[in-house]
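Chemist: A single structure is presented below for examination.
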Amino acid sequence: MPDATAEPAALNRDRRPGPRLVMVHNADDDHRIVRRLAAVEGPGRLVVRPTPGGRTSDLVLDILTATGRSPSTLLADRAPADDAWLQAAAQLSADQTRHLVIDRAHRLPGEALELLAQLGRRALCTVWLIWPTTEDNAYVPAPLRAFRDAGYRLDAIDFPAFMRELPPPSRVLTGGLQSDAKIPWAEGTGPALPMQDFPVFLAHCRAKLPGNTFTAVRAVYDHEVHLADQWLTRRGLAGHHNTPGSERHTRALAARLTFYLRDHRIGPAPDQAHALTRLRGIQTALFFRGYLLRWQYETLGAGPTTRLLSQLTARVCDKLRTAATIEDAAATALSVHLSHGPTGLGLITCGNTAPDGSTLHLPPTGSPHTTEETRYLRVPWRWRTHRHASIELNALQVLHLESEDPVTLPEHAAPLIAAHLAYRRHQGAADTDPLFIHPDSPGSKSPEPGLREAVMRTCYRIHFNPAWLHRSHCRHGDEDDHDARQAGWMHHRGLDLTALSDDIRSRL
């Protein structure tokens, strides 16, 4: 076999460092490559096995399938080819894929290799082409012009060198549930706690729980009271411009409290016992500050403590990634996390979203010199002719715009937002451009009616029934029939914040 490095060395002459293409010559189509590619797969590495005899448009479907998308939903969505390649690049960028391995690349048409070269350059990953060499194609040159024109640096190696240069990733063996140093009992196996209200919660725990279990519950409870008291001093009750106990003051505190409970304390709790104990501690801290946080668990049905935890679990995120497009998965993840429809998602900009998708800032509106309690929602004037119910604007104002805290998403949900942000960046979106756009008239129409249908369609695919989102003909009604102040995360968990009377506050 002639020296395979002669041609790449000539092609790389006087070229600046750029993306890398590695041609792996698999002499005689060695069958050992199949087992090797299965071992190579892991974090940061993606192995694609193209459909035999497929067309140019089938390659991007094979890549999206390798990232975890369901082939049936890919065929059902039928995204345009250009948009599908942008989604693939966004998914590779969000997954931090650094090595893209294409098996049996000699069967791909030339146009597919050109699109593959553009994909690797967008995603900033090394492209490995497994190129079998047999007697039939030993003298057929590989079509490398597309990669050369895209600025790739070309290398050619054989199968043993491939085994040395791209070794299998280290495997991490995971066992069963293990207790954490911060968790007094094993995660997922919390004790069954009494449901009495916070004034007598600890007394009933002492009477019904074993001594060591009560000690652990008491430690979590005391720690939560301390954290909640610190939060009330530094953030919850700070910076208000209205009289404590007034309606506007209570409403602004409830908005901040929603962020605190949903993103930091109750939502991400490791189990039901932690969620209930933390809730009782926060109720106690609020009571001594003159506010009553009621939990009406009788309205939640069986297993009310399970409703306290975040419904955006790792399993739900895996289903979203498999069954939905990048945009639909991000919109559904935000809707599930906020326990609210996609109202206001069209106002989120790319600059307000963290690159890793961990946090996003919902857009505060109004004058920067105006207090949080009196800010209002300003909608682009072009949207006013495109069905925007006033009740939705009021609900968004109450839920989000009266708190400047960022929305913090669970760790397993951040890649969904990061993938959609990368997708918008590949479309050329700047920091001031919206994160979600109308597919046909971006900038002229609100994307929220379309997002609402996409969220409901995605929830149906993953067999998730959101209590806050129904169609208008549903006998339970939809979100337009609810009071704006009763919509959102706290309402669907039976939580309600009220201010105590001045007489009671004076005695605390």
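Chemist: What ³J(HN,Hα) values, in whole Hz, does the Karplus curve 6.51 cos²θ - 1.76 cosθ + 1.60 give for segment 305-316 when θ = phi - 60°, with x put for Gly and Pro?
Modeler: 5, 5, 6, 6, 5, 5, 7, 8, 7, 5, 5, 4
Chemist: Neighbouring Cβ atoms within 10 Å as the yardstick, rank R49, R452 fewest first.
Modeler: The order, fewest Cβ neighbours first, is R49, R452.
Chemist: Can you list the HN-Hα couplings for segment 102-109, worked out from phi with the Karplus curve (6.51, -1.76, 1.60; θ = phi - 60°), rounded to whole Hz and with x for Gly and Pro?
Modeler: Karplus-based 3J(HN,Hα) across segment 102-109 equals 10, 7, 6, 6, 5, 8, 7, x Hz.
Chemist: Separate question: How would you rank 301-307, 267-273, 66-72, highest first, on the average number of other Cβ atoms within 10 Å across their residues?
Modeler: Packing proxy ranking, top to bottom: 267-273, 66-72, 301-307.
Chemist: Kirkwood Rh and Cα-based Rg: tell me the resulting Rg over Rh for segment 198-309, rounded to two decimals.
Modeler: For segment 198-309, the value is 0.99.
Chemist: Taking the dipole about the Cα centre of segment 6-165, with the C-beta of Lys and Arg at +1 and of Asp and Glu at -1, give me whichever of P132, V60, A39 is farthest to the positive side.
Modeler: Final value for the positive-end residue is A39.
Here, each number is a calculation from the coordinates, and none is a lab measurement. Every value quoted in this text rests on a predicted model; they were computed, and no experiment measured them. Reconstructed Cβ throughout: ideal geometry from the backbone, glycine too, with neighbour counts over all protein chains shown.
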